[in-house]
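Visitor: Mind having a look at this structure? Questions to follow.
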Amino acid sequence: MASRRLIRLALAAVGAASEILAMAAEAPPGMVAIPPGVYRPAFRADSDLKEIVVQPFAIDRYPVTNAEFLEFVRAHPRWRRSQVKPIFADSQYLKHWAGDLELGPGAATNAPATWVSWFAAKAYAGWKGKRLPSTAEWELVAGSGTTLPDGEKDPEFLKQVAAWHSSPAPERLSPVGAGKANFYGVHDLHGLVWEWVSDFNASMVTGDARGDNGLERRLFCGGGAQGAKDVSDYAAYLRFGFRSSLEARYVVHNLGFRCAKTL
Amino acid sequence: MRENPIIARKAFWFAASVSWLVLLTGCAIPGRPSGSVDPGADALSGQSLYQLDSMWTSDEGREIKLAALRGRVQVVAMMFTRCQYACPAIVHDLKRIEGALSDSERANVGFTLISFDSERDSVEALRDYRQTQRLAPGRWTLLRGGPDDVLELAALLGVKFKKDASGQFSHSTLIATLNPEGEIVLKQSGLHQDLEQAVRAVRSAAAGARKARPVAKPEGKRAPDPR
């Protein structure tokens with residue numbers, strides 16, 4: 001009996017593994033296929049979902065670079081620095097570039113594209129036939145360690161991530177791909193730049209509809225990370241705070257993005 | 001090699017009609033007579049919400065871009081019809097603004113409600129909502145749209161929202177006043193605000209609209225939207 005169950009378990013495991021491999025084969029070039037998973041938000045209000053099922057999707061291996069973003073603005077003049085509508089990007093948009101179509105010394109070709117608004121990132125993704133990842137998708141992938149799908153079980157990984165979050169961003173950003181790939185083979189989710197997600201404006205509810213300011217209170221009051229599912233994941237806590245402070249037209253020196261695609 | 005006469009003739013007529021069009025538009029832009037031009041043809045300012053290209057459906061089943069709201073002051077809020085507490089309060093606030101205006105002021109003002117709930121707020125649900133809330137036809141616009149477009153509009157207005165475990169939406173409350181060009185002139189968040197400020201903003205935007213209306217603003221053509 002027991003052995004039969006073992007065989008069945010083994011078969012299921014093989015099945016799951018081959019499913020993952022099959023999906024890896026389906027990812028478009030430059031992207032990595034992520035098998036379905038469950039995202040458990042590190043911070044949530046009492047009324048929020050405890051678990052969010054994430055359907056299989058693909059995500060860019062690296063953040064979008066200056067060179068790639070330059071191709072986009074070449075193709076779409078309305079996203080050039082001099083032509084972008086102020087409602088879609090504030091006045092600092094692409095300010096580190098030398099000109100509309102010139103990167104210059106302040107923006108290395110293979111460094112992540114930053115100083116871009118959510119609208120610009122979204123438009124770029126649309127141009128590529130992709131979209132921005134959701135918070136759940138991004139966090140699911142970013143939550144994996146270098147060797148384990150569950151980074152929370154990897155104290156070394158948590159330490160590295162926390163170390164990046166506590167050090168100031170360098171003047172010049174490093175090229176993408178310099179860091180180690182994570183469990184899925186995705187680079188630079190931590191340690192290079194923050195990244196836009198499609199639903200950044202769901203990160204926190206201020207002035208909540210039903211007078212329930214639970215999440216906000218927990219994020220900002222003395223208890224700090226008390227709403228956290230796992231207090232050790234302080235970096236996730238910082239990301240929530242950061243996202244909640246953004247507006248869609250904001251541009252920031254160390255805020256970039258990468259694209260995703262539904263499989 | 002001889003040219004095919006039919007193609008040559010077609011090419012001639014094509015070239016002739018193109019140059020005629022160029023002439024026409026070339027003449028029309030500099031000395032545009034203000035009264036005779038469709039206001040929709042004027043370029044929108046870079047701060048206008050009506051830059052959005054997304055399509056929305058009204059409770060009358062009309063498919064529109066937000067730019068269709070251009071020309072009147074709009075008082076805008078996002079909501080969903082199943083909302084028990086905040087949304088009825090927001091709608092109540094909008095009605096108070098409506099009630100504070102004189103008849104002549106009201107003629108230049110519209111009220112627009114946009115639903116968060118792409119899934120359940122169908123055209124019928126919005127229509128029912130209009131009935132139960134007794135929202136004047138013509139003055140009130142109720143819109144639904146796809147989830148991505150709702151997210152984008154919320155981002156533009158600065159409204160935060162998310163679906164919670166019970167399928168309800170947690171959301172920030174915001175009343176935005178847009179001038180006739182779709183630029184936000186006032187944002188008020190929170191419930192049960194002192195609405196006098198909003199009423200003043202609506203009045204001055206409506207007064208500005210009456211003065212500004214005959215002025216044409218040629219700003220060049222819009223680039224095609226990659227989104």
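Visitor: Between B:GLN47 and B:VAL123, what is 0.36 nm times their sequence separation minus the Cα-Cα distance? Round to one decimal in nm.
Guide: Using 0.36 nm per residue and subtracting the Cα-Cα distance, I get 24.4 nm.
Visitor: Moving on. Does any residue of the stretch B:159-190 lose at least 20 Å² of accessible area with all protein chains in place compared with its chain alone, and if so which ones (probe 1.4 Å)?
Guide: For the stretch B:159-190, once contacts with the other chains are taken into account, B:LYS160, B:PHE161, B:LYS162, B:ASP164, B:ALA165, B:SER170, B:HIS171, B:SER172 lose 20 Å² or more.
Visitor: With the alpha-carbon atoms as the only input, what is the per residue convex hull volume for the stretch A:45-157 in Å³?
Guide: Enclosed volume per residue, from the Cα hull, is 158 Å³.
Visitor: Which pairs in the list A:LYS95/B:LYS187; A:LYS122/B:LYS65; A:LYS159/B:LYS162; A:LYS50/A:LYS128; A:LYS85/B:LYS163; A:LYS122/B:LYS162 are over 22 Å apart, alpha-carbon to alpha-carbon?
Guide: Pairs exceeding the cut-off: A:LYS95/B:LYS187; A:LYS159/B:LYS162; A:LYS50/A:LYS128; A:LYS85/B:LYS163.
Visitor: Using a 1.4 angstrom probe on the protein heavy atoms only, could you order A:LYS153, A:LYS95, A:LYS128 from most to least accessible area?
Guide: A:LYS153, A:LYS95, A:LYS128
Visitor: How much accessible area does A:SER91 have with a 1.4 Å probe, in Å² rounded to the nearest 10?
Guide: For A:SER91, the solvent-accessible surface is approximately 110 Å².
Visitor: In what sequence, largest accessible area first, do B:MET55, B:MET78 appear using a 1.4 Å probe?
Guide: Most to least solvent-accessible, the answer reads B:MET55, B:MET78.
Visitor: Please compute the modelled spin-label separation between B:ILE64 and A:ALA75, points set 7 Å along Cα→Cβ, answer in nm with one decimal.
Guide: According to this spin-label approximation, the distance is 3.3 nm.
Visitor: Let me cross-check A:ASP150: its accessible surface, 1.4 Å probe, with only protein heavy atoms counted, in Å² to the nearest 10?
Guide: About 60 Å², rounded to the nearest 10.
Visitor: With +1 on each Lys and Arg Cβ and -1 on each Asp and Glu Cβ, how big is the dipole of the stretch B:49-212 about its Cα centre, in debye rounded to the nearest 20?
Guide: So the dipole magnitude of the stretch B:49-212 works out to roughly 420 debye.
Visitor: From largest accessible area down, sort A:TYR124, A:TYR184; use a 1.4 Å probe on the protein chains.
Guide: A:TYR184, A:TYR124
Visitor: Let me ask another. If each of B:ALA100 and A:LEU238 carries a label point 7 Å out from its Cα toward its Cβ, how far apart are those two points in nm?
Guide: Using points 7 Å along Cα→Cβ, the separation is 4.4 nm.
Visitor: Still on this structure: So if R0 is 30 Å, what FRET efficiency would B:VAL185 and A:HIS253 give, r being the distance between their Cβ atoms, rounded to the nearest 0.05?
Guide: Efficiency at R0 = 30 Å is approximately 0.45.
Visitor: With a probe of 1.4 Å, find how much accessible area the stretch B:49-212 has per residue, and write the answer as a whole number in Å².
Guide: 40
Visitor: Can I ask one more? Where the accessible area of the stretch B:49-212 is counted over protein heavy atoms with a 1.4 Å probe, how much of it, in %, is carbon and sulfur?
Guide: 48
Visitor: Then there is this: How many nm is it between the label spots at A:GLU102 and A:LYS159, if each spot is 7 Å from the Cα in line with the beta carbon?
Guide: Label at A:GLU102, label at A:LYS159, 4.7 nm between them.
Visitor: Probe 1.4 Å, all protein chains in place: accessible area of B:THR81 in Å², nearest 10?
Guide: Probe radius 1.4 Å; accessible area of B:THR81 about 30 Å².
Visitor: Chains B and A: buried accessible surface, both sides, probe 1.4 Å, rounded to 100 Å²?
Guide: Buried: approximately 2800 Å² between A and B.
The values are calculated or read from the model by the stated rules, or taken from the named source; none is laboratory data. Everything quoted here is computed from the prediction, not taken from an experiment. Backbone-built Cβ (ideal geometry, glycine too); neighbour counts: all protein chains shown. Areas reflect the complete protein model, heavy atoms only, side chains present, ligands, DNA and RNA absent. Shrake-Rupley method; radii C 1.70, N 1.55, O 1.52, S 1.80 Å.
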